[in-house]
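Before any comments, here is the structure.
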Ligand code: ACO
């Protein structure tokens, strides 16, 4: 163990109980199971219960990560929550998680609005916090997106699902050493993927509410698709180069679970067979900031990752933001 090693010491996740199939969407919009499966690979997703909130889900995932580490909430020294679907507007979701979890009065903050890249960004921040002296950081990615996106717009509603997942980051190689991370942003592309109403630019109004504009996710699907493939491939290669690792040495890629076609295109770009790429979007849809940690948690829980394996995380989201990290599992 080098004195600069930082690793993941616990994995956790939570998905709501309610399963919503593609068929169920036909009650709300003009769509079909065939269209959704063919264009996205998604078969079903989870939808939060009416009495469930973002912080409830994040706290459940946090408890699961603490249990995997074998510690209580009092052992956490900092909390970062990545989300685009917060508990309330102000304060941030991390404040709610700190209280619900029963953590000490530790620094807690959100990394909000980074779309699906939020978790990798947050884990990279956690890593730097540990390197500068914080003992143990809880990082959660959570999204309750089915409540904030219109159920009347077929182009977007069928894509998403609700979930929370996260990790604990601390010094040492732990269960999976974070060998390196790279993140980036291109703000010039914000307008092709945005939930625009409600901020200072376009404050919430009765007129918007009557037209349900506040639930309208603006998304240029094909452009987002192209950017996602390009950025997830590129940033994945960047992090490998930064740590001096080779793509052939990577045992598994855990990409953002947006769409099976995006994931397949990334694999093709990188010349990596799909057997090496972990997907669970078929079951959960696109869960935004929760997508990468949920897939990682599931792959780890199912014993799909062996000691010594190099695992590449790569993600992309609104902003545009992107991020990748390379992990080496230790056992
Ligand atoms: N059911 C049935 N038909 C639909 C649906 C639906 N749910 N949604 C759109 N269509 C129709 C369109 O209206 C269009 O009809 P038309 O030909 O009569 O005009 C037709 O299907 C084809 O639409 P396209 O948008 O061209 O379909 P495409 O093959 O590009 O697939 C999709 C659309 C799945 C959104 C794809 O572009 C995509 O995945 N883009 C990436 C978007 C994404 O992942 N967003 C999530 C957030 S960002 C992220 O996580 C990276």
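Key figures for this structure:
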| quantity | calculated |
| --- | --- |
| Per-region count, the range 8-23, residues more than 18 Å from the chain's Cα centre (by Cα) and within 16 Å of residue 281 (Cβ to Cβ) | 4 |
| Qualifying residue in the range 257-280 (condition: over 16 Å from residue 119 (Cβ atoms), touching a residue at least 40 places away in the same chain (Cβ under 8 Å) and away from the ligand (no atom under 16 Å from the Cβ)) | no |
| Scan of the range 304-327 for residues that are over 30 Å from residue 190 (Cα atoms) and either buried (at least 20 other Cβ atoms within 10 Å of the Cβ) or at pLDDT below 95 (or both), ordered by number | 305, 310 |
| Qualifying positions in the range 141-186 - touching a strand residue (DSSP E or B) at 6+ places or on another chain (Cβ under 8 Å) and within 11 Å of the ligand (Cβ to nearest atom) | 143, 145, 149, 153, 155, 156, 159, 160 |
| Filtered residue count, the range 187-242, keeping only those that are touching a helix residue (DSSP H, G or I) at 6+ places or on another chain (Cβ under 8 Å), near the ligand (Cβ under 10 Å from one of its atoms) and in contact (Cβ under 8 Å) with a residue 60 or more places away in the chain | 7 |
| Residue within the range 219-233 that is touching a strand residue (DSSP E or B) at 6+ places or on another chain (Cβ under 8 Å), on the phi < 0 side of the Ramachandran plot, crowded, with 17+ Cβ neighbours inside 10 Å and in a loop (DSSP other than H, G, I, E, B) present | no |
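The values are calculated or read from the model by the stated rules, or taken from the named source; none is laboratory data. Predicted model only: the values in this text are computed from it and were never measured. Heads up, the Cβs are rebuilt from the backbone with ideal geometry, glycines too, and the neighbour counts pull from every protein chain shown.
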